[in-house]
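All of the numbers you see were taken from the coordinates with simple rules; none came from a lab. Just so it is clear, the structure is predicted and the values come from calculations on it, not from any experiment. A quick note on method: Cβ atoms are made from the backbone with ideal geometry, for glycine too, and the neighbour counts reach across all protein chains shown.
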Amino acid sequence: MSPEAPRLSVVIPTYQEATVIGSTLDSLRRALTPAAPVELVVADDHSTDGTPDVARHAGADRVVVLDQHRGKGAAVRAGVMTAAGATVAFIDADLAYSPDQLLRLLEKVESGCDVVVGSRRHVDAVTLVRARRLREVTGRVFNEATRLLVLGEPRDTQCGLKAFSAAASRQIFERSRVDGFAFDVEIFLLAERLGLAVAEVPVELANTTASSVRVGRDAARMVRDLLRMRWWATTGGYPQAPGGGVAPGVGPRGGRQAGR
């Protein structure tokens, strides 16, 4: 990492976010700049509403645009792989989690954790506004499918607030294969197989009514991707866990759980 590298890079995945990305960038910069030199990276999933141009005009440090609409996972991957910060985080453009919470993740990474994830299941987590009932139920079903098919233990995989050391971010995203919303699960899977220390921190969530997730359609795709991950994990599509273990959830456990 060069001496000029920012302390923190924040990747904001976008798709058709022209109406909000300007205020999002402003909120992030106001919340983070006083505490840490920050780089804001907008990773756009081939929007057609001018989101990339709005982001540039609003002062994004980097704007990465996919050449076709591929999914949130592909956008985050592209953004992470261009980020220059010593710590790399991502947060959704709707700021369902207030920007200042990124500083909690930053401190945890700088204390020695490879991967730090927000958790709505943490005993200290707070939900200010609840999600719609259908989305809550679908989320619980997906988390149970994740536990059974891939991870083998309960995880709040879909919390949209995660941070990595620069080295860990590249180790994970160089190997990631899922382009859709299930990419969050793949982060946990790869972190465990690479033997990276994962820590969870409580988050304060204010669910918004706006979401790019379409519950029925995207839930089916996410389950399909879980099955693909299990297949890749058991057939050599992912790196072996330290000590030659196999995929979490389908054999001996890999990875390390950092202190909370």
note = Fewest-first ordering of Met222, Met81, Met229 by Cβ atoms within 10 Å yields Met81, Met222, Met229
Contour excess over end-to-end distance, with Cα ends at Thr19 and His57 and 0.36 nm allotted per residue = 12.4 nm
remark   = Ser9 neighbourhood, Cβ < 15 Å, K/R = +1, D/E = -1, net charge +2
query = How much net charge surrounds Ser47 when only the other residues with a Cβ under 13 Å from the Cβ of Ser47 are counted, with Lys and Arg +1 and Asp and Glu -1?
reply = -3
remark   = Taking placed amide H atoms and a strict 5 Å upper bound, the residues 5 or more places from Leu161 or on another chain that come that close are Gly118
remark   = If each K or R counts +1 and each D or E counts -1, the residues other than Asp92 whose Cβ falls under 13 Å of its Cβ total -2
key: Built amide H within the under 5 Å cut-off of Glu39, gap 5+   = Leu8, Ser9, Val10
remark   = Counting sequence-distant residues (5 or more places) and residues on other chains, those with an amide H built under 5 Å from that of Thr14 are Ala43, Asp44, Asp45
